[in-house]
Amino acid sequence: MSTASSPASPASAAHGEGASVPATALASGPLNGRVRVPGDKSVSHRALIFGLFAEGVTEITGLLEGEDVLNTAKACAALGAKVERLGEGHWRVTGVGSRGLSEPDAVLDFGNSGTGVRLMMGAVGGQPVTATFDGDASLRRRPMRRVLDPLREMGVAVVAEAEGGRLPLTLKGSVAPTALTYETPVPSAQVKSAVLLAGIGAPGNTVVIEREATRDHTERMLAHFGAHVSVEPHGPHGRRVTLEGGAKLKGAPVAVPADPSSAAFPLVAALLVPGSEVILTDVMMNAFRTGLIATLKEMGADIETLAERSEGGESVADLRVRHSRLKGVEVPAHRAPSMIDEYPVLAVAAAFAEGETIMRGLAELRVKESDRLAAVADGLAACGVSHRIEGDDLIVTGGGVRGGGPVKTHMDHRIAMAFLVMGLAAKEGVSVDDVSFIATSFPSFLPMMRGLGAEILA
Ligand code: S3P
């Protein structure tokens, strides 16, 4: 898109729902090389949305050009921003200011992305515009009440919604949003962010209290764009975030670091394939995103931090990863928010570890792009890995992994990538039924993995 000033195109249709692309990962030789995975998905969505709200120009480098983020870019354009692609990952957003959103003349289609739609519902909710939100079959199954409930309290009207508070739905934003103090019932950065974004236009302080702290990219970006935000601890694992209302955001440059949730796939692959040594550069090391690295190190992983530095307000590092013998560990429930997207690939690592890995408190996995708890369990079963689910806990018993499949991916990019990683170290390789959704978050996954030495047939 050179200038994304046209209304959102139906991404879900363009995506070709139903046109599955199967693939097989074969047991591969050592993986070697130095790669930078694409930009962080969470930061990329937010950079565009803050660019929309800001006065003046926001220049973004390293933007993830995956389908999820491109849909957010189209939505920003439909809401009045000028959105231009200047080069690979290099985008310029000319914003409309905190009260300047225009009413879109078509449905905003967020494809597969829960982050895109939930953050944008918050953004629109705090503005006097009406908009309709939709997505693909996976997104239409996901719960939206977690965002609609606090937004209603702030004065947003839900004009139409599908059964159970699901997409497609239409919101009429508030002319004068009420500032709210809200304790999130589930640990969700998306819910926190929706409330804070709606609170930008509110007259008083908007406060979000989390019992379990989640990723803090929205708080950081609010401050970076000129809003007044303060954060205090709340209980042993929580935080209390206060945003002063009436903020006037000013455009600011954003350099997007490499996505730790995407880096997780080549990282675990390097740990599992004998003889491997891979360097992952510029990986974001935000403390609310590094639960997987902490867990893998407890399992005995050889992950060396080569150069930790601060770039664009985030800590980043190059990581050297070598093949390692892993042992099972217990992962506490309170760590889940800092690695919520990494459990599928951790389950794959656990399948190769010695002994049991117990992953506690995984209820939120049931409402991701798929029911990830069920999808992971079914995939493990299809590959001969012994495991069980007890309540919200997943317990995997490691050992020699047979592999096989086919693994059903249920429109879920991370299920597809995780089981392809398994195939690189499993005796029989692993087939997955559909790799097309990988394009939502990591479009270069297949060529990048092949460049490291992975044999993946698609
Ligand atoms: C995200 C938050 C997480 C995560 C998602 C990205 C974000 O979801 O799973 O991939 O950018 O805020 P929840 O906040 O709903 O847990």
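Those residues that are within 16 Å of the ligand (Cβ to nearest atom) and not in a strand (DSSP E or B), I need them from region 174-186; list them, please. Outline the logic, then answer.
Of region 174-186, the ones within 16 Å of the ligand (Cβ to nearest atom) are 182-186.
Of everything in region 174-186, those that are within 16 Å of the ligand (Cβ to nearest atom) and not in a strand (DSSP E or B) turn out to be 184, 185, 186.
Here residue 209 fulfils each of the conditions (1) surrounded by fewer than 20 Cβ atoms within 10 Å (Cβ to Cβ); (2) within 16 Å of the ligand (Cβ to nearest atom); (3) of a type outside the set (S, T, N, Q); (4) under 20 Å from residue 58 (Cα atoms) apart from (4). Taken residue by residue, region 227-239 has no member that is under 20 Å from the mean Cα position of the chain (by Cα), within 16 Å of the ligand (Cβ to nearest atom) and surrounded by fewer than 23 Cβ atoms within 10 Å (Cβ to Cβ). Taking region 360-375 as the search range and keeping residues that are over 14 Å from the mean Cα position of the chain (by Cα) and over 19 Å from residue 417 (Cβ atoms), which one is farthest from the ligand (Cβ to nearest atom)? Ranking the candidates gives 360 first.
Among the residues of region 155-173, what is the count of those that are farther than 21 Å from residue 105 by Cβ and part of a loop (DSSP other than H, G, I, E, B)?
4
Scanning region 372-418 for residues that are assigned to a strand (DSSP E or B) and either in the same structural domain as residue 114 (by TED's automatic domain parsing) or aliphatic (A, V, I, L, M) (or both) gives 389, 394, 395, 396, 407. Residues being within 13 Å of the ligand (Cβ to nearest atom), in contact (Cβ under 8 Å) with a residue 40 or more places away in the chain and not in a helix (DSSP H, G or I) are represented in region 187-201 by at least one member.
Give the residues of region 55-70 that are farther than 21 Å from residue 260 by Cα and within 22 Å of the chain's Cα centre (by Cα), sorted by residue number.
Narrowing region 55-70 to residues farther than 21 Å from residue 260 by Cα: 55-59.
Passing the criteria: 58, 59.
In region 93-102 there is at least one residue matching the filter, namely being in contact (Cβ under 8 Å) with a residue 24 or more places away in the chain and under 26 Å from residue 260 (Cβ atoms). Among the residues making up region 116-156, a single one is closer than 26 Å to residue 40 by Cα and polar (S, T, N, Q): 138.
Restricting 264, 179, 227, 189 to those that are aliphatic (A, V, I, L, M) and outside the structural domain of residue 97 (by TED's automatic domain parsing) reduces the list to 264.
The values are calculated or read from the model by the stated rules, or taken from the named source; none is laboratory data. Computed from a prediction, not measured in an experiment: that's the story for all the values here. Heads up, the Cβs are rebuilt from the backbone with ideal geometry, glycines too, and the neighbour counts pull from every protein chain shown.
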